[in-house]
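Have a look at the structure below before the remarks.
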Amino acid sequence: MTLRPIRNDEDYETALEEIEALWNAEEGTPEIDRLDILVLLVEAYEAEHYPIPDPHPIELILHVMDARGLTRRDLEPYLGSRARVSEILNRRRPLSLEMIRKLQMGLGLPADVLVQSYELEDIPKRATTMAEIGANKE
């Protein structure tokens, strides 16, 4: 079979089947060269037709914390005080450029993901008058 671009899902499925058949090819053989080219073609097709969106910046931080066993306290050198860490992780305050730099340098997080804009959570307004306090009880 001649190598050609993958133009549709049928071509894509055929390429995946051939990749599976060639998966254990030995280094230095024409089969491994064919496998390398097929993988590149499949990756290009998937990038165009099945793109994977970047994760949410805060979800990325939370995932890394979980994966590495980090606590909120471990983020203080990158984000600031305990209160600031809480504000960031609860989406009440955006990441600053300095925080993004520190997270990228210190934890190796991709800056292009961290710089994405995102919605902040509404901060509930605190009651400041007796009338507002009474209204909140109802």
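No lab work stands behind these numbers, since they all come straight from the coordinates. Keep in mind that this is a model prediction, so the values were computed, not measured. Ideal geometry is used to build each Cβ from the backbone, glycine not excepted, and the neighbour counts take in all protein chains shown.
Short version: what are the Cα gyration tensor semi-axes of the chain, square root of 5 times each eigenvalue, largest first, in whole Å?
They are 50, 20, 12 Å, listed largest first.
Rounded to the nearest 20 debye, what is the charge dipole size of the chain about its Cα centre when +1 sits on each Lys and Arg Cβ and -1 on each Asp and Glu Cβ? Each step should come with its number before you reach the end.
Working: 16 positive and 28 negative charges, 365 e Å.
My answer is approximately 1760 debye.
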